[in-house]
Amino acid sequence: MQQLEALVRAAEAEVDRQMQICNACRYCEGFCAVFPAMTRRLSFDGADAHYLANLCHNCGACLHACQYAPPHEFAVNVPRAMAQLRVKTYEEFAWPRGLGGLYRRNGLFVALATAAWLAFFLVLATWGRPGEGRDAASLAGNFYAVFPHGTLVTMFGVVFLWALFALAVGVTRFWRAIGPEGSEPGAAAEATRDALTLRYLDGGHGEGCNDEDDRFTLRRRVFHHFTFYGFMLCFAATCVATVYHYAMGLHAPYPLASLPVVLGTLGGIGLVIGPVGLLWLNFRRHPLHTEPSQRPMDVGFIALLLATSITGLALLGWRDTSAMPTWLAIHLGCVMALFLTLPYGKFAHAAYRVAALLKYQVERRRRNPVAVAAD
């Protein structure tokens with residue numbers, strides 16, 4: 001724990017050092033929310049550093065524009081400094097704090113091993129169930145013939161509530177550390193719009209950010225959108241199916257053209273395109289953009305998203321065959337692993353970032369206390 005404390009303070013100090021230099025230069029003031037937020041301060045304590053780190057999208061545009069970037073002796077590399085601190089944010093504010101370092105080392109192994117162990121357990125649970133034949137005719141695509149509806153609701157209800165509670169505690173701790181006093185009209189709506197449109201992944205000028213070189217590109221924004229909206233479509237499919245089951249008395253299995261299946265299929269396709277694109281960009285990025293200690297978290301989370309979407313689409317393809325119970329167990333294992341690790345991986349960035357965007361929108365509606373630059 002003392003080692004983590006020292007690493008967090010060192011990362012905060014590096015953000016403070018670089019922001020002091022950027023605050024004197026201000027060439028990148030129009031790039032993203034980080035720099036207008038910076039101009040409202042003359043010094044940067046730990047809370048300020050975590051706030052700015054979670055406003056940053058790791059876009060890379062400021063690095064390519066910076067006259068003080070390496071090999072200059074000032075060695076200003078804002079994307080890397082912010083990425084180093086963001087990893088520490090997830091550990092510093094996580095609940096329980098001991099799980100904050102889940103992805104610190106061997107993130108890919110942790111993610112896949114968790115999914116594999118849960119899937120193996122569930123596959124074993126499908127064997128030898130009395131009265132539920134494993135031939136296609138007797139199953140007829142009915143998942144509840146393999147796992148009763150009540151069992152699924154209990155299992156995933158517990159996992160979902162755990163993830164939701166852990167994430168809520170982490171973000172509450174973060175907000176208490178960085179949050180401004182009071183609120184401002186319109187701030188929440190604009191912060192939500194900025195989050196949903198990934199506004200600052202356009203580089204501040206609309207042409208996009210930088211990946212492997214000086215060229216601007218919108219690829220990262222596009223693949224992030226596929227991932228986010230793919231996830232939300234899958235979530236919507238579950239919600240619609242719940243309404244069908246409890247409010248309308250329509251029980252699964254649903255036809256291929258039904259709303260839950262269409263939403264889930266489109267979401268699954270989005271969750272294949274987005275994560276594959278992000279993984280491709282992750283390995284193509286300029287080495288100065290990336291923070292090596294963050295890669296296990298990035299790759300582990302992307303791998304879980306891909307495993308969930310691919311097994312879900314496989315389950316759809318084989319749902320009317322005798323292979324359905326096995327694919328169902330594998331898919332459910334991946335989904336459970338994804339939700340169990342959500343509060344401690346890259347997904348948490350979305351929640352912390354929305355909180356940082358809300359603070360930014362509240363601040364920019366107030367008088368600049370430094371009063372030496374306009375927002």
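The values are calculated or read from the model by the stated rules, or taken from the named source; none is laboratory data. These numbers were taken from a predicted model, which means no experiment stands behind them. Please note: Cβ atoms are built from the backbone with ideal geometry, for glycine as well, and neighbour counts cover all protein chains shown. Just the protein is used for accessible areas: all its heavy atoms, side chains included, with ligands, DNA and RNA removed. Shrake-Rupley method; radii C 1.70, N 1.55, O 1.52, S 1.80 Å.
Observations on the structure shown:
- Sequence of 254, 229 when ordered by accessible area, the most exposed leading, probe 1.4 angstrom: 229, 254
- Close amide-amide hydrogen proximity is noted between residue 250 and 245, each under 5 Å apart and 5 or more residues distant or on a separate chain (H modeled in the peptide plane; Pro and chain starts excluded).
- Surface per residue (accessible, 1.4 Å probe) for the chain, Å²: 46
- Volume per residue of the C-alpha convex hull in the chain, rounded to whole Å³: 145
- Distance histogram for the stretch 297-352 (every C-alpha pair counted, 10 angstrom bins, percent rounded to whole numbers): 25, 43, 23, 8, 0
- Trypsin sites (Lys or Arg not before Pro) restricted to DSSP loop in the stretch 181-269 with at most 12 other C-beta within 10 Å: 215
- Taken over the stretch 238-374, the alpha-carbon convex hull comes to 188 cubic angstrom per residue.
- Taking 182, 203, 264 in turn, the Gaussian network model of the chain (Cα-Cα springs below 10 Å) assigns the largest fluctuation to 182.
- Residue-averaged [θ]222 nm for the chain, counting only DSSP H segments that reach four residues, each worth -39500 (n - 2.57): -21500 deg cm²/dmol
- All C-alpha pair distances within the stretch 269-332, sorted into 5 Å bins from zero, spread as 3, 17, 22, 17, 14, 11, 8, 5, 3, 1, 0 percent across the bins.
- Backbone N under 12 Å from the residue 288 label point (7 Å along Cα→Cβ), restricted to the stretch 196-236: 213-214
- Cleavage-rule hits, trypsin sites (Lys or Arg not before Pro), the stretch 83-114, DSSP coil, Cβ neighbours within 10 Å at most 13: 105
- Stokes-Einstein diffusion coefficient of the stretch 161-230, Kirkwood radius over Cα pairs, 4 °C, 1.567 mPa s, in µm²/s: 88
- Residue-wise HN-Hα coupling along the stretch 111-117, computed from phi with Karplus coefficients 6.51, -1.76, 1.60 (Hz; x: Gly, Pro): 5, 6, 5, 5, 5, 5, 5
- Centroid-to-centroid, using Cα positions, the stretch 26-42 and the stretch 176-226 are 14 Å apart.
- Taking 120, 174, 226 and ordering them by how much accessible surface each has at a 1.4 Å probe, largest first, produces 120, 226, 174.
- The stretch 261-324: trypsin sites (Lys or Arg not before Pro) in DSSP coil with no more than 11 other Cβ atoms inside 10 Å: none
- Normalised by 2.2 N^0.38 Å, where N counts its residues, the alpha-carbon radius of gyration of the stretch 327-368 equals 1.89.
- Taking every protein chain into account, the 1.4 Å probe leaves residue 265 with about 40 Å² of accessible area, to the nearest ten.
- Solvent accessible area, Å² - residue 224, 1.4 Å probe, full protein context: 50
- Per atom type, the chain shows carbon and sulfur on 67% of its accessible surface, probed at 1.4 Å.
- Within a Gaussian network of the chain (alpha carbon springs, distance under 10 Å), most fluctuating of 261, 299, 78: 261
- Taking the stretch 220-251 and a reference point 7 angstrom along Cα→Cβ of residue 152, the backbone N atoms nearer than 18 Å belong to 233-251.
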